[in-house]
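Visitor: Below is a structure I'd like to ask you about.
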Amino acid sequence: MNLQTRIENNVTVLTVSGRLDTVTAPEYEKNIREMISGGNIKFVVDFEQLEYISSAGLRGLLVMAKLLNEKSGRMCLANVKGNVRSVFDMCGFTSVFTMKDSVSEALAVFV
Amino acid sequence: MPFKNSIVVKFVLVISLFNAVIFALTLGYNYYQSRVILQQELESNSRNLAMSLVHRVETELAAVAKVTEGIARSLETSPHNERELLTLIRSSIEQNPEISGAGVAFEPYAFNAASHLYAPYFYRENGKISFRRLEKAYLDFPYPYWDWYQIPRELGKLEWSEPYFDEGAGNILKSTCSVPFYKDTASGKQLKGIVISDISLDSLTQLISSIKILKTGYAALLSRNGMILAHPMKDAIMNETFFSIAEGRNDPSLRELGKKMIRGETGFIHYQSLVGFDSWMYYTPIPSTGWTLAVVFPEEELLENVRKLSMTMMMMGFVGILLLTLVVIYIARTIIKPLRLLTGATDEIAAGHFDVELPATRSNDEVGELAHNFQVMRESLKEYIRNLTETTASKERIQSELKVATNIQASLLPRIFPPFPDHPEFDIYASMVPAKEVGGDFYDFFFIDKNHLCFLIADVSDKGVPAALYMMVAKTLLKTEGQRLGEPDKILSSVNNILALDNENCMFTTVFCAILDITTGDVRYANAGHNPPLILDSHGVRYLTPKPGLMLGALSGTVFVTERLTLEPDATLFLYTDGVTEAKNPEDALYGQERMLKALQGAPRDDLAKMIHFISSEVAQHANGAPQSDDITMLAIKMAKKGIA
């Protein structure tokens, strides 16, 4: 897994690439916790380059949503497609998370 | 065994061998240089000796020549009558003891017209002086034809004859000095006769033979023709020439040497002497007679002292190296001793005896430092081993506890098949293989009333101990709520609300929960984010497409939907977790839903245990040795064939 961060219009854009599974999810969670406790409460998570997500990865997303909820923050997922999309569909995540087809659309949610 | 391949042996070998080599080289060089110096010394010594001998011979010869010349000059300057002539000759013998005989031989009719030949001759015989007339003594071969007369007559100068034996005068070796004398006439100088003086060579040869050089060295005298005059080989004297010996021995180098000698050359050579020793020889001519004097030094004896010295030095060197070796052994063993003790100690430590006594170190040298470091290392090792033992013990404890946990977890899942032998209406089989000691997957089935069987499969997020604990809670809740509520959507909603409460870690579990009416084959089911099951019936094998639902524990208040299907007789419902479809091979390729569908199409359908084992082996084949990353769980339920129920 590789995590890249940039700030656009006060929104943190996370680009996740590679695999988000049992091995990499703890690292993802650690980064997210640091960013949220550092004051970032608006997130766009770009899954354009995410190849695979496991249940541990899903848990990471849930933790993120929960932490943001506590701080009145928000998150929006972008480019959830392919394998990742079918996992989302299967476990009902589609109904829990806001999802957009591109980063710019996702950013528009926060305007 | 302290000497076996040890440092001591290496020390001794290297030092002793090097010393031996250096010593041998020194000795060899010394021997060689001694020879060279000896040779130079020898050349000068032999030249001096030869020259002094030549001088003595020359002095004797010169005295005789002078007397002979004196008589000749006297005869030339004044006329002598017979009486005066005889007195002159006789007195010259009496006054010169080295002259053994003297005479005057006149040319025919030169003494007086009356006598044809006239040659008076005095000689020593038994201590007295005798007289003879040579013209009467040599009647058969008159004296004018003898060499001693002919050669000086023709050459017109003093001449020494080749040495010869005078048999008439006691068989002594003689040489004759002949000097021509003349009378002045109007037509110039006219030869009147030859004055002769004999010299006995015995004293000369005795002088030369008496020269002893070392033990076997000698001096030798050769005539102008190479005739041997004085030599330790007595038989050769006056019998052999240098050339006849060379001929006899077929030795060209000896002949060459002879030629050089009779040419009057001087030389210093290394050769094999006539008596057979390797020798050094100095040879030089005696100028007045053209004879050659040689002095011969036997090499063997010359080098004897050098050899003796070398032998002594060798013995001293040998003893020295022996002593050195002993000293080296002593020093090396002194150095090695603590090392040997240390080596013994390491053996003990290697065998695990950390409390072995280490040798005390008094010295501050490298060995002392080594021993000190060794002490420190032993302490560190002890400490390390103790820590390791503790760690291993605690790890083993955890392992055994995990083992117990595995057993407990396994015992929580129904494992006895067939579980309901008195229910021929359906068959059910399931298996769970955890990726770690304890897993997060589980399955369950139980009757909620006489005709309704609840069965479910679930997958807790993550693996290991946290997942196993969560699984215990989820499984218990699902069973109690299942028996209480009897409707899949209600069961899931209720359990979800309980799990979502105080879920700090955001753990969750996917569940596929269904209730089968065993009399009709009707199935009511609800899905909480779990992988879609498959149906195997008369229409083939296909995935079910349940409505998506959020997994349990993620969010409270989630609503689930109950759906329905009917299992016809002999149809099978196949449930699994993502450990099956997401099994990876070494190239990271997932097993996938496609492969599983194909595998089920080819799997045995009658026996559910065989079906599940078949899928297991297919997955294992796909994994091809790659480690199992997730729990692998499968559950299959099948309605009986028509007529059996």
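The values are calculated or read from the model by the stated rules, or taken from the named source; none is laboratory data. Note that this is a predicted model, so its numbers are computed, not measured. Backbone-built Cβ (ideal geometry, glycine too); neighbour counts: all protein chains shown.
Visitor: Of all residues being small (Gly, Ala, Ser) and modelled with pLDDT under 90 in the range B:452-485, which is surrounded by the fewest Cβ atoms within 10 Å (Cβ to Cβ)? Just the residue, please.
Guide: So the residue we want is B:Gly464.
Here's the yes/no breakdown for (1) part of a helix (DSSP H, G or I); (2) more than 28 Å from B:Thr205 (Cβ to Cβ):
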| residue | (1), (2) |
| --- | --- |
| B:Arg83 | yes, yes |
| B:Arg90 | yes, no |
| B:Glu94 | yes, no |
| B:Ser100 | no, no |
| B:Ala110 | no, yes |
| B:Tyr118 | no, yes |
| B:Ser130 | no, no |
| B:Trp148 | yes, no |
| B:Arg153 | yes, yes |
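Visitor: Would you list the strands (runs of 3 or more DSSP E) that sit entirely within the range B:183-299 and hold 2 or more residues that are in the same structural domain as B:Pro144 (by TED's automatic domain parsing), charged (D, E, K, R) and in contact with a strand residue (DSSP E or B) (Cβ under 7 Å, 6 or more places away or on another chain)?
Guide: B:188-200
Visitor: For the range B:614-629, name all the residues that are over 60 Å from the mean Cα position of the chain (by Cα) and touching a residue at least 60 places away in the same chain (Cβ under 8 Å).
Guide: Answer for the range B:614-629, where residues must be over 60 Å from the mean Cα position of the chain (by Cα) and touching a residue at least 60 places away in the same chain (Cβ under 8 Å): just B:Ser616.
Visitor: Still on this structure, please answer the following. Return yes when B:Lys610 is within 21 Å of B:Thr519 (Cα to Cα) and surrounded by fewer than 19 Cβ atoms within 10 Å (Cβ to Cβ) and no when it is not.
Guide: No.
Visitor: Does at least one position in the range B:24-46 carry a residue that is assigned by TED's automatic domain parsing to the domain that holds B:Gly267 and under 24 Å from B:Ser197 (Cα atoms)?
Guide: Checked against the condition, which is being assigned by TED's automatic domain parsing to the domain that holds B:Gly267 and under 24 Å from B:Ser197 (Cα atoms), the range B:24-46 yields no hits at all.
Visitor: Condition first: over 10 Å from the mean Cα position of the chain (by Cα), of a type in the set (Val, Ile, Thr) and either within 29 Å of B:Asn531 (Cα to Cα) or within 14 Å of another protein chain (Cβ to nearest Cβ) (or both). Now tell me which residues in the range A:37-71 satisfy that.
Guide: Once the filter is applied, which keeps residues that are over 10 Å from the mean Cα position of the chain (by Cα), of a type in the set (Val, Ile, Thr) and either within 29 Å of B:Asn531 (Cα to Cα) or within 14 Å of another protein chain (Cβ to nearest Cβ) (or both), the range A:37-71 yields A:Ile53, A:Val63.
Visitor: Name the residue, out of B:Asp444, B:Asp449, B:Asp459, that is part of a loop (DSSP other than H, G, I, E, B) and not aromatic (Phe, Trp, Tyr).
Guide: Selected residue: B:Asp449, the only one of B:Asp444, B:Asp449, B:Asp459 that is part of a loop (DSSP other than H, G, I, E, B) and not aromatic (Phe, Trp, Tyr).
Visitor: Condition first: in a loop (DSSP other than H, G, I, E, B), touching a residue at least 40 places away in the same chain (Cβ under 8 Å) and within 14 Å of chain A (Cβ to nearest Cβ). Can you find one or more residues in the range B:464-473 that meet it?
Guide: No, the range B:464-473 contains no residue that is in a loop (DSSP other than H, G, I, E, B), touching a residue at least 40 places away in the same chain (Cβ under 8 Å) and within 14 Å of chain A (Cβ to nearest Cβ).
Visitor: Hey, could you check the range B:327-386 for residues that are of a type in the set (Lys, Arg) and part of a helix (DSSP H, G or I) and say which is nearest to B:Lys10 (Cα to Cα)?
Guide: Only one residue fits best here, namely B:Arg333.
Visitor: Determine whether A:Gly92 is at pLDDT 90 or above, within 14 Å of chain B (Cβ to nearest Cβ) and at positive phi.
Guide: no
Visitor: Select, from B:Leu155, B:Leu173, the only residue that is buried (at least 18 other Cβ atoms within 10 Å of the Cβ) and either touching a Cys at 6+ places or on another chain (Cβ under 6 Å) or among the aliphatic types (A, V, I, L, M) (or both).
Guide: B:Leu173
Visitor: Working only within the range B:621-640, note down all residues that are away from chain A (no Cβ under 14 Å) and loosely packed, with under 14 Cβ neighbours inside 10 Å.
Guide: B:Gln621, B:Asn624, B:Gly625 - these are the residues of the range B:621-640 that are away from chain A (no Cβ under 14 Å) and loosely packed, with under 14 Cβ neighbours inside 10 Å.
Visitor: Let me ask something additional. Quickly run through the range B:60-75 and pick out the residues that are of a type outside the set (A, V, I, L, M) and either crowded, with 17+ Cβ neighbours inside 10 Å or at pLDDT 90 or above (or both).
Guide: The answer is B:Lys66, B:Thr68, B:Glu69, B:Gly70, B:Arg73, B:Ser74.
Visitor: With the requirement that a residue be more than 10 Å from every other protein chain (Cβ to nearest Cβ) and among the aliphatic types (A, V, I, L, M), what does the range A:95-111 give you?
Guide: Within the range A:95-111, A:Met99, A:Val103, A:Ala106, A:Leu107, A:Ala108, A:Val109, A:Val111 qualify.
Visitor: Another question, if that's okay. For the subset of the range B:568-597 comprising residues that are in contact with a Ser or Thr (Cβ under 9 Å, 6 or more places away or on another chain), away from chain A (no Cβ under 13 Å) and hydrophobic (A, V, I, L, M, F, W, C), which member is farthest from A:Asn83 (Cα to Cα)?
Guide: Result: B:Ala571.
Visitor: Test each condition in (1) surrounded by 18 or more Cβ atoms within 10 Å (Cβ to Cβ); (2) of a type in the set (A, V, I, L, M); (3) assigned to a helix (DSSP H, G or I) for B:Leu324 and report the one that comes out false.
Guide: (1)
Visitor: Can you pull out every residue in the range B:209-240 that is modelled with pLDDT under 90, among the polar types (S, T, N, Q) and surrounded by 14 or more Cβ atoms within 10 Å (Cβ to Cβ)?
Guide: If the condition is that a residue be modelled with pLDDT under 90, among the polar types (S, T, N, Q) and surrounded by 14 or more Cβ atoms within 10 Å (Cβ to Cβ), then B:Ser209, B:Thr216, B:Asn225 are the ones that fit.
Visitor: Something else: Identify, by number, the condition in (1) within 11 Å of chain B (Cβ to nearest Cβ); (2) touching a strand residue (DSSP E or B) at 6+ places or on another chain (Cβ under 9 Å) that A:Val16 doesn't meet.
Guide: Condition (1) is where A:Val16 drops out.
Visitor: Just one of the numbered conditions (1) under 26 Å from B:Ala467 (Cβ atoms); (2) of a type outside the set (Val, Ile, Thr); (3) under 12 Å from the mean Cα position of the chain (by Cα) is not true of A:Ala78; which one?
Guide: All conditions pass for A:Ala78, except number (1).
Visitor: Looking at this structure, is B:Lys547 within 14 Å of chain A (Cβ to nearest Cβ), of a type in the set (Lys, Arg) and out of contact with any helix residue (DSSP H, G or I) (no Cβ under 9 Å at 6 or more places or on another chain)?
Guide: Against the criterion (within 14 Å of chain A (Cβ to nearest Cβ), of a type in the set (Lys, Arg) and out of contact with any helix residue (DSSP H, G or I) (no Cβ under 9 Å at 6 or more places or on another chain)), B:Lys547 qualifies.
Visitor: Among the candidates B:Phe141, B:Phe165, single out the residue that is assigned to a loop (DSSP other than H, G, I, E, B) and of a type outside the set (S, T, N, Q).
Guide: Criteria check complete, one pass: B:Phe141.
Visitor: Identify the single condition in (1) β-branched (Val, Ile, Thr); (2) at pLDDT below 90; (3) touching a strand residue (DSSP E or B) at 6+ places or on another chain (Cβ under 7 Å) that A:Val63 does not satisfy, given that it satisfies every other one.
Guide: The failed condition is (3).
Visitor: Next up: Looking at this structure, is A:Cys76 touching a His at 6+ places or on another chain (Cβ under 8 Å) and touching a residue at least 12 places away in the same chain (Cβ under 8 Å)?
Guide: The answer is no for A:Cys76.
Visitor: Within the range B:502-528, can you find the residues that are farther than 24 Å from B:Phe426 by Cα and more than 13 Å from chain A (Cβ to nearest Cβ)?
Guide: Of everything in the range B:502-528, nothing turns out to be farther than 24 Å from B:Phe426 by Cα and more than 13 Å from chain A (Cβ to nearest Cβ).
Visitor: Still on this model: For the range A:1-102, which strands (runs of 3 or more DSSP E) that fit wholly inside it have 2 or more residues that are of a type in the set (S, T, N, Q)?
Guide: Correct list: A:2-8, A:11-20.
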